[in-house]
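Q: Have a look at the structure that comes next, please.
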Amino acid sequence: MADVERVLDQAGLQNPHVREYVRFWAGVTEPDRIEVVDAADDDRLVAEALEAGELRPAGEGLYYSRSYVKDTARSEERTIVATSDPADRGVYNNWHDGDELGAAQLERMRGQSRGRTMYVVPYLMAPPGSPLEAYAAGVELTDNRPVVLHMIRMARVGIAHLDSLEDPASFVRAVHVTGDLPNLGQGTPEDQRYFVTVADRRTILHFGSSYGGNALLGKIAHGLRQACYDGRASGRFLAEQFMLLGITDHETGRRYHVCGGFPSASGKTNLAMTLAPEALGERYTVDFYGDDIAWLWVGDDGRIRAMNPENGVFGVAKDTNEHTNPTALRSIEPGTGAIFTNVAYNPVTQEVWWEGKGPRPTDDGWEDWKGERIADREDGDTAPWAHPNSRFTTTLANVPNVAADFEEPAGVPVDAIIFGGRTSDREPLVRAITDLAEGVYDGLTLGAEATFAADGLDGQLRYDPMSMRPFLAYAEADYAAHWLKIIGAATQQPIFAHVNWFQKDLGDDGDGHFLWPGYRENLRPLLWLVRHQAGEVAGRRTPVGVIPTAEELELVGLDLPAADLDRLLTIDVERWRQEMGFREEHLRQFEGLPEEIWEAHRRVAAALDAEAG
Ligand code: GTP
Ligand code: SPV
Ligand code: MN
């Protein structure tokens, strides 16, 4: 067994609580070696990973990796939030008793790191100096080197982050054990995988994966699930699956900040990295703050402030190209240190490719995401070359439009909170909501099609409250109350809005095309929203919010069929009335939902009934 004390001494890791934690888990998982990681070790670790074949070269300072074929996305049914309080049982968090589950998980992990190295990865999920720093420190123990390389890109990594702990015992204990991936029965009744957050012990125990949110524990398990719990337990903040961006109007000199949640693989990265539409590019710029997580709190100025706790982007590769997201392509250019996972690879030319990147390459030698030579595949051209949930990993500093103040500890003031998702009918392009309870109600009733980011759920229509369904840590009714409390405490309330880039032409003779061109054009409805909030455009009042008139929407340089625009800015009252019944059923699941939310529901329903006459 590894000599824990010597390794920790050599690394200068003195925090006795961290030492005790490392010692304890090394005793459980029994690694052969222990190593303490700092971000400065990246070059050496990359070299070792290349040598070991865990990474392969994909251009200068670019790397390619594959995860095990049955380990390519988050597994929602294997993910559990456990506490000692049954009142934390929600509809979506798979609540279990923490003591019971923690003990079972420990047994599952026993001896499972034999023959491997345990990497000790101290990290911070916040810009240094953040008022929420007390909730941001963690130490991931992982027996997987590619996971370490991803953590170095996605979080701020180094033992220095442990020095500033006010309470030296207060760090998230995040243990990741890969397990014997080919023998875990993924997707069968004998499935061995469990991804557990024991939230009231600030302990995360993930076993049986090396991919994404299952394994990079700073990101989803700490940055969302644990922080969701801590935000409420402390009464101080919200942790949400939100993107965060800034808009500057160079004509007026005004600056706006918009954050918001769309379910996994539904456009957060694309929106936060977007460029202004070409015809508006002189006047507006968009700054990137974050694409997947935001923590929100009431600042000293009384406004809602937001920050991105992450240090990198774990972005969907599919359909990323010069038209849809040129900014993303710049952030993964040679020299950036980016890692591509589960895309197609050409070992001869060391290129990577994914569906929607551009024309399919014709050169010989390409391998699909599983490592099979395309030329040898039985399904030849029909099966995708890249996994639909294949991703790129790069640091925020590589994103060309990253905001100058992205590491500002005080965060940025939030002007607008938006919700959206893949909804092929009913939802208009944008509808603004000024009432707090109606805004929270809108988030709670976010209904959209699930995507390939969760195993086996692609295309299912489901409710996804605030886009947090897979990440909620406690009961939904309490979550709603916490939202009302935090946003309600602000002296200047952000405006809410629901947006939809995914409405389709589904009429009798419709061809199913997206009615809205999307991508960089998405700035147009956001501009309308911030102008509406400033009182510059009135919009048209509907039972479900205020929507733009065609004249108010900045459409210069956009050639949109009149019929499509009309549909994008119309409320189908009958379809909405039908939806209200589904919403009622959905909300009824949340026992003890604040009365304000039910009142908002009844107000919207009554307004729809009145409209229908
Ligand atoms: P996670 O990282 O999984 O939480 O997802 P995300 O919300 O950041 O998703 P992302 O921005 O990476 O988008 C995923 C997919 O949505 C990609 O395949 C995009 O091409 C597609 N997409 C994004 N924006 C638009 C849009 O405006 N219109 C259309 N039609 N597709 C879009
Ligand atoms: C998501 O699935 O919403 C992601 C990717 O952002 S993962 O980090 O794998 O959760
Ligand atoms: Mn996400």
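Q: Tell me the trypsin sites (Lys or Arg not before Pro) within the stretch 41-132 that lie in a loop according to DSSP and have at most 14 other beta-carbon atoms within 10 Å. Walk me through the numbers before you get to the answer.
A: Numbers: sites: 44, 66, 70, 74, 78, 89, 108, 110, 114, 116; in loops: 66, 70, 78, 89, 110, 114, 116.
In loop regions of the stretch 41-132 (DSSP not H, G, I, E or B), the sparsely surrounded trypsin sites (Lys or Arg not before Pro) are 110, 114.
Q: Now for a different question. With a cut-off of 17 Å, note down the residues of the stretch 145-163 whose backbone N falls inside the zone around a label point 7 Å from the Cα of residue 47 toward its beta carbon.
A: Under cut-off, by backbone N: 149.
Q: Right, something else. Please identify the GluC sites (Glu not before Pro) of the stretch 235-306 that satisfy two criteria: DSSP loop assignment and at most 16 other Cβ atoms within 10 Å. Which are they?
A: Filter output for the stretch 235-306: 251, 282.
Q: Can you compute 3J(HN,Hα) from phi for each residue in the stretch 353-358, using the Karplus curve 6.51 cos²θ - 1.76 cosθ + 1.60 with θ = phi - 60°, rounded to whole Hz and x for Gly and Pro?
A: Working through the residues one at a time gives 8, 9, 4, x, 7, x Hz.
Q: Principal axis lengths of the stretch 298-362 from Cα atoms, whole Å, largest first?
A: 58, 23, 19
Q: To the nearest 20 debye, what charge dipole does the stretch 266-333 have about its Cα centre, counting +1 at the Cβ of each Lys and Arg and -1 at the Cβ of each Asp and Glu? Don't skip to the end; give the middle numbers.
A: Numbers: 6 positive and 11 negative charges, 29 e Å.
With only Lys, Arg, Asp and Glu charged at Cβ, the dipole is about 140 debye.
Q: Quickly rank 286-292, 520-526 as a protection proxy: mean count of other C-beta atoms within 10 Å, highest first. Please report the intermediate quantities before stating the final value.
A: On the way: 286-292: 25.0, 520-526: 23.0.
Ranking, from highest mean packing down: 286-292, 520-526.
Q: Mind jotting down the distance between the C-alpha centroids of the stretch 253-288 and the stretch 214-229, whole Å?
A: 25 Å
Q: Could I get the Rg over Rh figure for the stretch 101-167? Both from C-alpha atoms, Rh via Kirkwood, rounded to two places. All intermediate terms of the calculation are to be shown ahead of the outcome.
A: Details: Rg = 14.1 Å, Rh = 13.4 Å.
Reported Rg/Rh (Cα atoms, Kirkwood Rh): 1.05.
Q: Specify the angular offset, from 0 to 90 degrees and rounded to the nearest 10, of the alpha carbon long axis of helix 42-52 from the longest principal axis of the alpha carbons in the chain.
A: It is inclined by approximately 70 degrees.
Q: In the structure displayed, which of 70/268; 70/370; 70/318; 268/357; 357/504 lie more than 21 Å apart, Cα to Cα?
A: Working: 70/268 26 Å; 70/370 10 Å; 70/318 19 Å; 268/357 18 Å; 357/504 23 Å.
70/268; 357/504, as the Cα separations exceed 21 Å there.
Q: Evaluate the relative contact order of the stretch 375-486 (contact order divided by residue number), counting alpha-carbon pairs under 8 angstrom at least 6 apart; express in whole percent. Don't skip to the end; give the middle numbers.
A: Values: 69 pairs, mean separation 22.4, N = 112.
Answer for the stretch 375-486 is 20 percent.
Q: Quick one: what does P(r) look like for the stretch 249-392 with 5 Å bins over all Cα pairs, in whole %?
A: 2, 8, 15, 18, 16, 14, 10, 7, 5, 3, 2, 1, 0
Q: At what distance in nm do the modelled label points of residue 397 and residue 3 sit from each other, each positioned 7 Å from its Cα along Cα→Cβ?
A: 3.4 nm
Q: Here's something else I'd like to know. Percent of accessible area on the stretch 480-548 owned by carbon and sulfur, 1.4 Å probe? Numbers along the way, then the final one.
A: Values: 1250 of 2680 Å².
Carbon and sulfur: 46 percent of the exposed surface of the stretch 480-548.
Q: Of 125, 231, 178, whose Cα points farthest to the positive end of the dipole of the stretch 111-248 (charges on the beta-carbon: +1 Lys, Arg; -1 Asp, Glu; origin at the Cα centre)?
A: Final value for the positive-end residue is 178.
Q: Using alpha carbon centroids, what distance separates the stretch 1-39 and the stretch 543-613, in Å?
A: Computed from Cα coordinates, the inter-centre distance equals 55 Å.
Q: With the cut-off at 1.5 for a/c, could you classify the stretch 411-542 from its C-alpha gyration tensor as rounded, prolate or oblate? All intermediate terms of the calculation are to be shown ahead of the outcome.
A: Numbers: a/c = 2.11, a/b = 1.16, b/c = 1.82.
Oblate, because a/c is 1.5 or more while a/b does not exceed b/c.
Q: Also, I was wondering about something else. Quantify how much of the Cα-Cα distance distribution of the chain extends past 48 Å, in percent.
A: Every Cα pair in the chain considered, those over 48 Å come to 10 percent.
Q: Over the Cα atoms of the stretch 353-443, how large are the radius of gyration and the largest Cα-Cα distance (Dmax), in Å?
A: Answer for the stretch 353-443, Rg first and Dmax second: 21.4, 59 Å.
Q: What 222 nm value per residue comes from the helices of the chain, counting each DSSP H run with n ≥ 4 as -39,500 (n - 2.57) and dividing by all residues, nearest 500 deg cm²/dmol?
A: -7500 deg cm²/dmol
Q: Where the convex hull is taken over the Cα atoms of the stretch 547-613, what is its projected area averaged over directions, in nm²? Walk me through the numbers before you get to the answer.
A: Numbers: hull surface 25.5 nm².
One quarter of the hull surface, i.e. the mean projection, equals 6.4 nm².
Q: Follow-up. Could you tell me how far the Cα centroid of the stretch 509-540 sits from the Cα centroid of the stretch 426-461, in Å?
A: 16 Å
Q: May I pose another question? Provide the descending list of Cα extents for the stretch 96-222 along its principal axes, expressed in whole angstroms.
A: Cα extents, longest axis first: 46, 32, 23 Å.
Q: Still on this model: Considering the alpha-carbon set of the stretch 134-196 alone, what are its Rg and its Dmax in angstrom?
A: My reading of the Cα-based Rg and Dmax gives 15.1, 45 Å.
Q: Find how much the distance from residue 360 to residue 562 grows on full extension, using 0.36 nm per residue of separation minus their present alpha carbon separation; answer in nm with one decimal. It would help to have the intermediate numbers written out before the result.
A: Working: separation 202, 0.36 × 202 = 72.72 nm, distance 3.41 nm.
Result for the pair: 69.3 nm of gain on full extension.
Q: I've got another one for you. Over 18 Å apart: what share of the alpha carbon pairs of the stretch 210-258 falls there, rounded to a whole percent?
A: Numbers: 610 of 1176 pairs.
When all Cα pairs of the stretch 210-258 are counted, 52 percent exceed 18 Å.
Q: Another question, then. For the chain, what proportion of DSSP beta bridges, expressed in % and rounded to the nearest 5, is antiparallel? Walk me through the numbers on the way to the answer.
A: Values: 63 of 98 bridges.
In the chain, approximately 65 percent of DSSP beta bridges are antiparallel ones.
Q: How many percent of all Cα-Cα pairs in the stretch 262-341 sit more than 14 Å apart?
A: On the way: 2184 of 3160 pairs.
Everything past 14 Å amounts to 69 percent.
The values are calculated or read from the model by the stated rules, or taken from the named source; none is laboratory data. Everything quoted here is computed from the prediction, not taken from an experiment. Please note: Cβ atoms are built from the backbone with ideal geometry, for glycine as well, and neighbour counts cover all protein chains shown. Side chains are part of the model used for accessible areas, which takes the heavy atoms of the whole protein and leaves out ligands, DNA and RNA. Shrake-Rupley method; radii C 1.70, N 1.55, O 1.52, S 1.80 Å.
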